[in-house]
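The values are calculated or read from the model by the stated rules, or taken from the named source; none is laboratory data. The model shown is predicted, which means the values in this text are computed figures rather than measured ones. All Cβ positions, even for glycine, are placed from backbone atoms using ideal geometry, and neighbour counts span all protein chains on display. The accessibility values were calculated without ligands, DNA or RNA, using every heavy atom of the protein model including side chains. Shrake-Rupley method; radii C 1.70, N 1.55, O 1.52, S 1.80 Å.
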Amino acid sequence: MKLVFATNNLHKLKEVQEMLSNTIEVLSLKDIGCFEDVEETETTLEGNARLKAAHITNNYGYNCFADDTGLEVDALNGKPGVFSARYGGEHGNSEKNMQKLLKELHGKVNRKAQFRTAVALNLENKQYLFEGICEGEILAKKTGTRGFGYDPIFKPTKASTSFAEMNSEEKNKISHRGIAIQKLVDFLLNLKTT
């Protein structure tokens, strides 16, 4: 089966391709000749995932899936949430995003947070939603050099290191995106057997 992953984030694409390589051929937006960014204008992760998936299906005719991920911090009432990728002002500037978050958490005891991913799958004129959550905490400083986004300052509850200290296989087993994508895979495999 071929599915388009509606993202221009090469880090996300690589992670997902590694996870699905045995079951599904994942095409990038570049593979289908899509070079525009779909603006994330919705107020929820689910809304943005649906929006991006609908754009690809409606304009390119492919079965596809799209995700949106947010970091939800307890002490900040769930912020940055849907604005995680542009929290520091400039879209996709991980350094500015982390610096702003660390500054806002300075001196706060409660550093609980969770990553949440919503995945929308458009398949044969139907849409399905999947969710993955990874609970953890925001570290006081960056550790590790792997991963992307907030990985250097997020330590999952089920781990002793930050995401940025894990290899991709370790991260994919427990990450929010890994959990959501595994639900997607299980759903697709179940479709094949029924």
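Search the stretch 21-44 for residues being touching a residue at least 12 places away in the same chain (Cβ under 8 Å) and of a type in the set (V, I, T), and hand back the single one that is most open to solvent (accessible area, probe 1.4 Å).
Among those that are touching a residue at least 12 places away in the same chain (Cβ under 8 Å) and of a type in the set (V, I, T), it is T43.
Under 9 Å between Cβ atoms, at least 6 apart or on separate chains: pull out the pairs that start in the stretch 45-71 with a residue that is on the phi < 0 side of the Ramachandran plot and end on any residue that is surrounded by fewer than 19 Cβ atoms within 10 Å (Cβ to Cβ) and among the small types (G, A, S).
Sorted first by the residue in the stretch 45-71, then by its partner, the pairs are L45/G81; Y60/G33; A66/A54; D68/G47; G70/G78; G70/G81; L71/G81.
Being more than 16 Å from the chain's Cα centre (by Cα) and over 25 Å from I153 (Cα atoms) is true for just one of N58, N77. Which residue is that? I'd like the intermediate steps shown before the answer.
Numbers: N77 fails: over 25 Å from I153 (Cα atoms).
None of the other options fit; the residue is N58.
Need pairs with beta-carbon distance below 7 Å; first residue farther than 30 Å from G61 by Cβ and within the stretch 127-147, second of a type in the set (D, E, K, R) and part of a strand (DSSP E or B); sequence gap 6+ or separate chains.
I133/R116; G136/K155; E137/K112; E137/K155; L139/K155
Sort through V38, V4, V26 and tell me the only one that's more than 12 Å from the chain's Cα centre (by Cα), under 14 Å from N122 (Cβ atoms) and part of a strand (DSSP E or B).
Of V38, V4, V26, the one residue that is more than 12 Å from the chain's Cα centre (by Cα), under 14 Å from N122 (Cβ atoms) and part of a strand (DSSP E or B) is V4.
Do we have any residue at all in the stretch 165-183 that's more than 20 Å from E18 (Cβ to Cβ), touching a residue at least 40 places away in the same chain (Cβ under 8 Å), touching a Gly at 6+ places or on another chain (Cβ under 8 Å) and open to solvent by 30 Å² or more (accessible area, probe 1.4 Å)?
Here is the first cut: in the stretch 165-183, the ones more than 20 Å from E18 (Cβ to Cβ) are none.
Looking through the stretch 165-183, none of the residues is more than 20 Å from E18 (Cβ to Cβ), touching a residue at least 40 places away in the same chain (Cβ under 8 Å), touching a Gly at 6+ places or on another chain (Cβ under 8 Å) and open to solvent by 30 Å² or more (accessible area, probe 1.4 Å).
Any idea how many residues of the stretch 160-185 are more than 17 Å from G132 (Cα to Cα) and in a helix (DSSP H, G or I)?
Total meeting the criteria: 2.
Restricting attention to the stretch 21-78, report how many residues are in contact with a strand residue (DSSP E or B) (Cβ under 8 Å, 6 or more places away or on another chain) and among the hydroxyl-bearing types (S, T, Y).
Going through the stretch 21-78 one residue at a time, the tally reaches 6.
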